[in-house]
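Peer 1: This structure is in structure tokens; I'll ask about it shortly.
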Protein chains: 2
Amino acid sequence: MTFVTILGFIAAGLTTSSFIPQAVKTIRTNDTKSISLFMYLLFSTGTLLWLLFGIFSGNMPIIVANAITLVFAIIILIYKIRHQLAHKL
Amino acid sequence: MTFVTILGFIAAGLTTSSFIPQAVKTIRTNDTKSISLFMYLLFSTGTLLWLLFGIFSGNMPIIVANAITLVFAIIILIYKIRHQLAHKL
């Protein structure tokens, strides 16, 4: 494995796992006030399309990375939407 | 251009631009309470490594996408670190 390939794997591991601490914090505190709804709408849709891109092009690393990210992004998005709705009712 | 390539471009556009509304919200409200410091540390480091991966492998789309994302992720990270430090002093 080349240096550049290893660099890519570390990069993928970091960006993929980064949404885990945010999801944990959101569940623990039940607070999404400073989180942008629009960010998570764009990001979750984008990650879903990356997942489909991975499936259609048969690229397993893209499938795995985006499936993991999507789970945590969707958790944060659901919390944000719930808070947004509760605030408006 | 194939359907799968177009899908990839839309996915990249969405995930890349998603950090813009979060950065705008953070600057406007000056509030990062519900944002995870650990997420932005992992994510910014990962995006920097993706950028280096793009530079070393000469992949322009990866360079452009991650350079844009890095700017906005770093803005959010700086705000979060400033708030974290101010809270602890």
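Peer 1: Among A:61-69, B:38-46, how do they line up by average Cβ neighbours within 10 Å per residue, starting with the highest?
Peer 2: B:38-46, A:61-69
Peer 1: How far apart are the A:GLN84 label points across copies, placing each 7 Å from Cα toward Cβ, in nm, shortest first?
Peer 2: 2.7
Peer 1: Please report the Cα spread of the protein assembly as shown along all three principal axes, rounded to whole Å, starting with the longest.
Peer 2: The Cα atoms of the protein assembly as shown stretch 44, 38, 25 Å along their principal axes.
Peer 1: Spin-label point model (7 Å from Cα, Cβ direction): what's the B:ALA86 to B:ILE27 distance in nm?
Peer 2: Simple spin-label model gives 1.7 nm for this pair.
Peer 1: Another question about this same structure. So what is log10(I(q)/I(0)) for segment B:3-88 at q = 0.15, 0.22 1/Å, when the Debye sum runs over its Cα atoms only?
Peer 2: -0.60, -1.03
Peer 1: Given only helices, namely DSSP H runs of n ≥ 4 each adding -39500 (n - 2.57), what is the per-residue ellipticity at 222 nm of chain B, to the nearest 500 deg cm²/dmol?
Peer 2: Value at 222 nm, helices only, nearest 500: -29000 deg cm²/dmol.
Peer 1: Taking all protein chains as present, what is the carbon and sulfur share of the accessible area of the protein assembly as shown, in % to the nearest whole number, probe 1.4 Å? Walk me through the intermediate numbers first.
Peer 2: Values: 7260 of 9610 Å².
That fraction is 76 percent.
Peer 1: Which distances, in nm and shortest first, link the B:ARG28 label point to the same label point in every other copy, taking 7 Å along Cα→Cβ?
Peer 2: 2.9
Peer 1: So what's the gap between the Cα centers of segment B:31-89 and segment A:30-72, to the nearest angstrom?
Peer 2: 17
Peer 1: Further question: Name the residue farthest towards the positive end of the dipole of the protein assembly as shown from the options B:ASN59, A:ILE27, A:LEU51, assuming +1 on Cβ of Lys and Arg, -1 on Cβ of Asp and Glu, about the Cα centre.
Peer 2: Of the candidates, A:ILE27 comes out farthest on the positive side.
Peer 1: Sticking with the crude label model, points 7 Å out along Cα→Cβ, report the distance from A:ALA67 to B:PHE9 in nm, one decimal please.
Peer 2: Rounded to a tenth, the inter-label distance reads 2.9 nm.
Peer 1: Would you kindly derive the ³J(HN,Hα) couplings of segment A:80-86 from the backbone phi angles with the Karplus curve 6.51 cos²θ - 1.76 cosθ + 1.60 (θ = phi - 60°), listing them in order in whole Hz, with x for Gly and Pro?
Peer 2: The phi angles translate into 4, 5, 4, 5, 4, 5, 4 Hz.
Peer 1: Run through the other copies and list how far each one's label point is from that of B:VAL71, in nm with one decimal, shortest first; the point sits 7 Å from Cα along Cα-Cβ.
Peer 2: 3.4
The values are calculated or read from the model by the stated rules, or taken from the named source; none is laboratory data. These numbers were taken from a predicted model, which means no experiment stands behind them. Cβ sites come from the backbone with ideal geometry, for glycine too, and all protein chains shown count toward neighbours. Surface accessibility is based on the protein's heavy atoms, side chains included, excluding ligands, DNA and RNA. Shrake-Rupley method; radii C 1.70, N 1.55, O 1.52, S 1.80 Å.
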